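Nothing in this text is a laboratory measurement; each read-out follows from the coordinates by a stated rule. Not measured: the values here are computed from a predicted model. Methodologically, a virtual Cβ is constructed for each residue, glycine included, from the backbone with ideal geometry; neighbour enumeration extends over all protein chains shown.
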Amino acid sequence: MSENAKLPPLPTGTFSERAVAWSKKNLFDGWFNTLLTLGALAFILWLVPPLFNWAVVNATLTPTIEGCAEVTGACWGFVNANLRLILFGTYPYEEQWRPVLAMIVLIAIICGSLGAVKYPGLRKWIIPMWVVGVPVIGVLMWGGVLGLTYVQNSYWGGLPLTLILSSIGVIFAFPLGLLLALGRQSNMPAIKTVSVVYIEVIRGVPLITVLFMASVMFPLFLPTGVTIDKLLRAQIGIILFTAAYLAEVFRGGLQAVPRGQFEAGDSLALSYWQSMRLIILPQALRLVIPPTVNSFISMFKDTTLVVIIGLFDFLGTVKLALRSDPAWTKYYVEGYAFAAAIFFLICFSMAKYSAYLEKELRKGERR
Amino acid sequence: MTVATETTTGAVPPPSKEDVITVSKMNKWYGNFHVLKDIDLTVRKGERIVICGPSGSGKSTLIRTMNRLETYQSGEVYVDGILLGDDVKNIEAVRREVCMVFQHFNLFPHMTVLENLTLAPIWVRKMPKKEANDLAMHYLERVRIAEQAHKYPGQLSGGQQQRVAIARSLCMQPKIMLFDEPTSALDPEMVKEVLDVMVELAKEGMTMLCVTHEMGFAKEVADRVIFMDAGQIVEMAGPQEFFDNPKSDRTKLFLSQILSH
């Protein structure tokens with residue numbers, strides 16, 4: 001209670017006395033605040049008990065349609081019964097340990113990379129981790145070697161697909177966005193024009209269009225016989241799209257770094273790339289952590305759009321499960337609530353990490 | 001400090017091998033605005049030059065052309081025998097020998113003082129880290145701030161920051177140092193600590209060009225004082241002559257304004 005700490009007399013007395021004092025100060029401070037407090041209380045009483053009854057008290061986990069028919073609350077049995085379909089899509093049932101392992105590897109690499117802020121010793125391992133980890137994930141998912149049966153990527157789906165699309169998306173969109181942002185500020189007219197046109201065109205169309213073009217239009221321009229994998233096309237579409245948004249975020253950061261920093265770098269005879277890498281970008285990127293994470297969260301959720309070109313991401317597999325048996329279809333609320341909870345969990349973690357990162361990077365620099 | 005008699009004449013010294021900066025017939029425009037008009041200036045090795053003038057007179061712009069922070073449209077600028085034009089290699093070669101101290105310090109806020117100092121030696125001079133650290137500590141001691149080596153610039157006072165900025169430049173072991181109003185952004189009580197460091201540098205024979213309104217500093221160390229107005233060099237003389245017997249009316253007016261308080 002930091003509010004309490006600011007009170008001139010230090011809080012004394014029993015717990016209940018202090019609680020009353022705290023409420024008076026924070027909840028019933030004048031007629032308007034009293035009104036707001038009572039209003040909020042009424043809203044909570046109206047919303048929470050029925051929700052709790054539905055989601056917990058009257059709910060069931062029994063993974064059968066009959067079990068669900070008996071209860072008045074949520075049918076988590078739908079999720080329970082279809083969990084592996086929702087999580088892994090149409091990936092062969094017997095082989096689903098492979099996406100599990102791939103996810104563990106992916107999450108370990110991500111945690112290792114993000115942890116480098118706290119443990120600087122990890123920093124030099126970030127690139128090796130990805131260079132080794134991504135092929136390992138590829139081998140696990142595709143197979144075809146080391147005695148693993150080959151699984152075509154059109155069978156991939158669910159959470160692994162969502163996580164792979166978004167993490168590979170981040171890894172490639174970040175440097176591409178950075179180059180575009182620098183290109184847009186370049187003195188060289190050709191580079192500047194290309195960057196501006198790219199950013200404005202890609203930003204100006206919906207992601208669905210980009211994915212659709214990648215899926216339907218793009219193959220028409222390829223010579224017959226040459227095909228590019230559908231998943232790869234979707235991945236490239238997501239990267240290109242996100243990079244355009246990130247480019248503008250980064251440009252904002254570059255513009256916020258004082259001119260004097262560029263001049264100091266120049267006057268110390270640092271080259272353009274040295275100045276950028278050592279002086280400008282560390283400051284610019286730190287300034288734009290919130291909008292960058294905003295873009296990543298947005299991209300993470302946008303990966304659900306790949307469903308329009310026939311890939312089943314995590315939200316797609318929920319729909320797949322709902323359609324798997326007509327009797328399940330009416331439990332769409334439970335299905336979407338489960339998907340929403342998982343999406344929220346991941347997005348909220350990103351937001352918390354971003355807040356942590358900002359705090360950590362600011363340490364020592366302020367008095 | 002006494003002033004060598006041969007440089008008090010006010011005339012441009014004759015060209016010699018000792019000339020480290022030669023500016024000839026240099027003009028610069030910002031759009032239609034003629035910022036620098038037919039500038040001719042020769043600086044010899046070890047010379048201390050103070051440039052003053054009203055704001056907008058082009059004095060900062062002039063010294064900023066000497067490490068190519070500003071371009072110019074006609075004329076020539078040679079620094080250390082190298083023509084400063086569009087050639088990036090030339091520009092980088094000049095910047096390795098010429099360092100600039102800025103009005104607002106321009107320290108790198110995300111690095112410690114020590115990291116600020118070692119950055120250029122490590123990346124530009126390719127110096128091993130340990131050697132760069134020793135060099136940095138040496139110069140930090142010289143500007144009397146070694147105990148702050150592991151702090152961030154934001155934790156220092158303005159005067160301390162400017163001394164760090166001077167030490168950062170010295171770590172490049174430059175032949176020429178440019179000072180762009182180094183004390184203008186400082187609180188009055190901090191001006192002296194920075195000027196003291198600059199006076200020491202001057203006495204050690206560093207070639208210095210200094211844009212400043214600190215006339216006491218000019219009197220103490222300058223070999224020549226230049227007065228600029230409206231993009232032109234109006235008057236150039238040894239400090240004694242400049243202060244005691246200015247020729248131009250504009251110089252007289254400027255001096256009366258600046259010395260009256």
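Around B:Val194, under 10 Å between beta carbons, what's the net of Lys plus Arg minus Asp minus Glu among the other residues?
Value of the local net charge: -1.
Would you work out the charge dipole size for chain B about its Cα centre, treating the Cβ of every Lys and Arg as +1 and the Cβ of every Asp and Glu as -1, and quote it to the nearest 20 debye?
Dipole of chain B, to the nearest 20 debye: 520 debye.
Which whole-angstrom value gives the distance between the alpha carbon centres of region A:253-274 and region A:38-57?
Taking the Cα centre of each part, region A:253-274 and region A:38-57 sit 55 Å apart.
Give me the angle, in degrees from 0 to 90, between the Cα long axis of helix B:158-170 and the longest principal axis of the Cα atoms of chain B, rounded to the nearest 10.
Around 90 degrees separate the two axes.
If you average the C-alpha positions of region A:184-207 and of region B:183-238 separately, how far apart do those two centres end up, in angstrom?
A separation of 46 Å, based on Cα centres.
With an 8 Å cut-off on Cα pairs and a minimum separation of 6 or more residues, tell me the relative contact order of chain A in percent.
Once divided by the residue count of chain A, the mean separation gives 17 percent.
Can you give the calculated 222 nm mean residue ellipticity of chain B, where each DSSP H run of n ≥ 4 adds -39,500 (n - 2.57) and the sum is split over every residue, rounded to the nearest 500 deg cm²/dmol?
It comes out at -11000 deg cm²/dmol, rounded to the nearest 500.
Going toward the positive end of the dipole of chain A, with +1 on Lys and Arg Cβ and -1 on Asp and Glu Cβ, which of A:Ala55, A:Val197, A:Cys75 do you reach last?
The one lying farthest along the dipole's positive direction is A:Val197.
Do the sum for chain A: with -39,500 (n - 2.57) for every DSSP H run of n ≥ 4, divided by all residues, what is the mean residue ellipticity at 222 nm, to the nearest 500 deg cm²/dmol?
Helix contribution divided over all residues of chain A: -22000 deg cm²/dmol.
Counting other C-beta atoms within 10 Å, which of A:Thr304, A:Thr227 has the fewest, and how do the rest follow?
So the ranking, lowest neighbour count to highest, is A:Thr227, A:Thr304.
Would you list which lysines come within 22 Å of A:Lys25, measuring only between C-alpha atoms, while excluding same-chain residues fewer than 8 positions from it?
A:Lys6
Applying the Karplus parametrisation 6.51 cos²θ - 1.76 cosθ + 1.60 with θ = phi - 60° to the phi angles of region A:86-103, what ³J(HN,Hα) value in whole Hz is obtained for each residue in order, glycine and proline being reported as x?
Couplings: 5, 6, 10, x, 8, 4, x, 3, 5, 9, 5, 5, 5, x, 4, 5, 4, 5 Hz.
Ranked by Cβ crowding within 10 angstrom, fewest neighbours first, how are B:Met206, A:Met213 ordered?
Taking fewest neighbouring Cβ atoms as first place, the list is A:Met213, B:Met206.
What is the angle, in °, between the Cα long axis of helix B:188-203 and the longest principal axis of the Cα atoms in chain B? Nearest 10 is fine, range 0 to 90.
So the inclination is approximately 80 degrees.
Report the Cα centroid-to-centroid distance between region B:91-125 and region A:160-177 in angstrom, as an integer.
Each part's Cα centre sits 36 Å from the other's.
Just name one of B:Asn133, B:Gly81, B:Cys52: the one whose Cα is farthest towards the positive end of the charge dipole of chain B (beta-carbon charges, Lys/Arg +1, Asp/Glu -1).
The residue sitting most towards the positive pole is B:Asn133.
Residue farthest toward the positive end of the dipole of chain A, with Cβ of Lys/Arg at +1 and Asp/Glu at -1: which of A:Gly183, A:Ala108, A:Leu87?
A:Gly183
Tell me, what ³J(HN,Hα) does each residue in region B:103-110 have, in order and in whole Hz, if you take phi through Karplus 6.51 cos²θ - 1.76 cosθ + 1.60 with θ = phi - 60° and put x for Gly and Pro?
4, 9, 6, 6, 6, 8, x, 8
Under the rule that a partner needs its Cβ under 4.7 Å from the first Cβ, which Cys of the protein assembly as shown have none?
Among the cysteines of the protein assembly as shown, those whose Cβ sits 4.7 Å or more from every other are A:Cys111, A:Cys347, B:Cys52, B:Cys99, B:Cys171, B:Cys210.
Need the list of lysines near B:Lys59 for cross-linking: C-alpha distance under 17 angstrom, and skip anything on the same chain fewer than eight residues off.
B:Lys25, B:Lys28, B:Lys37
I'd like the Karplus ³J(HN,Hα) series for region A:34-42: coefficients 6.51, -1.76, 1.60, θ = phi - 60°, whole numbers in Hz, and an x wherever there's a Gly or Pro.
Coupling constants for region A:34-42: 4, 4, 4, 4, 5, x, 5, 4, 4 Hz.
Which pairs in the list A:Lys319/A:Lys352; B:Lys45/B:Lys130; A:Lys24/A:Lys359; A:Lys118/A:Lys352; A:Lys24/A:Lys352; A:Lys124/B:Lys126 are over 23 Å apart, alpha-carbon to alpha-carbon?
Beyond 23 Å between Cα atoms: A:Lys319/A:Lys352; B:Lys45/B:Lys130; A:Lys24/A:Lys359; A:Lys24/A:Lys352.
Dipole size in debye (nearest 20) for chain A around its Cα centre, Lys and Arg Cβ +1, Asp and Glu Cβ -1?
1080
Around B:Gly159, under 11 Å between beta carbons, what's the net of Lys plus Arg minus Asp minus Glu among the other residues?
-1
Enumerate the lysines that B:Lys192 could reach by cross-link, defined here as Cα to Cα under 20 Å, with residues fewer than 8 away along the same chain left out.
The qualifying lysines are B:Lys203, B:Lys219.
Amide H of B:Ile51 versus every other amide H placed in the peptide plane: which residues, excluding those fewer than 5 positions away on the same chain, fall under 5 Å?
Sorted by chain and number, the residues that satisfy this are B:Cys210, B:Val211, B:Thr212, B:Ile226.
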